[in-house]
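The values are calculated or read from the model by the stated rules, or taken from the named source; none is laboratory data. These figures come from a predicted structure and were not determined experimentally. Note that each Cβ is placed from the backbone with ideal geometry, even for glycine, and that neighbours are counted across all protein chains shown. Just the protein is used for accessible areas: all its heavy atoms, side chains included, with ligands, DNA and RNA removed. Shrake-Rupley method; radii C 1.70, N 1.55, O 1.52, S 1.80 Å.
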Amino acid sequence: MDNKTLEQFKAVYLTAEDLRVAASIIYNAYHDDPFFLKVFGNQDNSMYEQKLRAAIREELNELWQQEQPLIGWFDGERLIGVACVITQQIPIGQSRYWHWRLKMVLGTGWKSTQGLMEKETCLLTHLPSDKCGILQFIALAPTQQRKGNGAKLIQAVLSWCDEQPQLDGIGVFVNNPVHNKVFSHQGFKSIASVTIGEVEGEILFYAK
């Protein structure tokens with residue numbers, strides 16, 4: 001990679017001002033994700049999209065307030081990618097804070113909120129220790145895909161992980177073979193084949 005490219009692209013923590021653009025990038029990337037389609041129900045497209053937007057908005061706000069790592073991938077000053085990690089330093093899965101549950105229920109409904117917690121609980125069950133993070137979201141703007149940005153964003157997350165003495169690694173639930181291949185190329189290993197919300201996939205783990 002030449003110096004011009006190194007200067008052009010950078011990974012930095014998101015600021016509060018970046019959250020709206022980050023939410024839009026995540027929404028577009030996860031719009032057709034089988035897990036969210038199942039959990040939020042795709043019978044009514046407008047209702048599904050409303051629930052997905054609400055879930056992403058509330059989760060980003062929660063991660064921000066709990067000071068969890070929100071990593072942005074920038075092309076110059078333009079945010080083109082987002083990676084959100086949640087660690088077990090805060091309650092997750094069935095132990096989620098009541099205020100998160102309330103906001104998520106109001107935005108998505110009780111059944112959908114239960115589905116989101118089920119996914120986290122499944123991940124926690126299979127991770128090798130309680131000192132592991134979960135890659136909650138990772139997304140690129142539609143125009144920035146298939147240009148190597150995904151691999152670079154994953155590398156930025158792993159570089160961050162390697163610098164955290166309290167973490168043993170990072171896990172992620174993947175239900176797309178293409179995504180599985182990308183993560184595998186960056187050092188993730190499959191640790192379990194699971195079905196979450198009737199959606200089959202694998203839990204991949206990066207060990208430091």
Inset, instruction - Mind counting the residues in segment 47-92 that are under 19 Å from N28 (Cβ atoms), surrounded by fewer than 21 Cβ atoms within 10 Å (Cβ to Cβ) and among the β-branched types (V, I, T)? - result: 1
Inset, instruction - Inspect all residues belonging to segment 144-165 and state whether any of them is modelled with pLDDT of 95 or more, closer than 24 Å to G41 by Cα and not hydroxyl-bearing (S, T, Y). - result: no
Legend entry - Candidate set: segment 78-106, residues that are touching a residue at least 24 places away in the same chain (Cβ under 8 Å) and small (G, A, S); chosen: the one farthest from Y13 (Cα to Cα): G93
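Can we say R57 is of a type in the set (K, R), under 13 Å from the mean Cα position of the chain (by Cα) and part of a helix (DSSP H, G or I)? Even if it seems obvious, please write down each step before you answer.
Values: of a type in the set (K, R): yes; under 13 Å from the mean Cα position of the chain (by Cα): yes; part of a helix (DSSP H, G or I): yes.
Taking the combined requirement at face value, the residue satisfies it.
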Legend entry - Single residue of S112, S95 found to be closer than 25 Å to N175 by Cα and surrounded by fewer than 17 Cβ atoms within 10 Å (Cβ to Cβ): S95
Legend entry - Qualifying residues in segment 121-147 (those that are among the hydrophobic types (A, V, I, L, M, F, W, C) and in a helix (DSSP H, G or I)) - the one surrounded by the fewest Cβ atoms within 10 Å (Cβ to Cβ): L124
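The rows are residues; the columns are (1) modelled with pLDDT of 95 or more; (2) assigned to a helix (DSSP H, G or I); (3) in contact with a strand residue (DSSP E or B) (Cβ under 8 Å, 6 or more places away or on another chain); (4) farther than 30 Å from K111 by Cβ.
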| residue | (1), (2), (3), (4) |
| --- | --- |
| E7 | no, yes, no, yes |
| A11 | no, no, yes, yes |
| D18 | yes, yes, yes, yes |
| Q43 | no, no, no, no |
| Q50 | yes, yes, no, no |
Inset, instruction - Scan segment 162-190 residue by residue and report those that are open to solvent by 70 Å² or more (accessible area, probe 1.4 Å) and not charged (D, E, K, R). - result: P165, P177, V178, H179, H185
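What about S193, is it surrounded by fewer than 21 Cβ atoms within 10 Å (Cβ to Cβ), touching a strand residue (DSSP E or B) at 6+ places or on another chain (Cβ under 8 Å), small (G, A, S) and in a strand (DSSP E or B)?
When the stated conditions are applied, S193 passes them.
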Legend entry - Cβ-Cβ under 6 Å pairs, at least 6 apart or on other chains, segment 63-77 side modelled with pLDDT of 95 or more, far side part of a loop (DSSP other than H, G, I, E, B) and aliphatic (A, V, I, L, M): Q66/I90; L70/L14; G72/L14
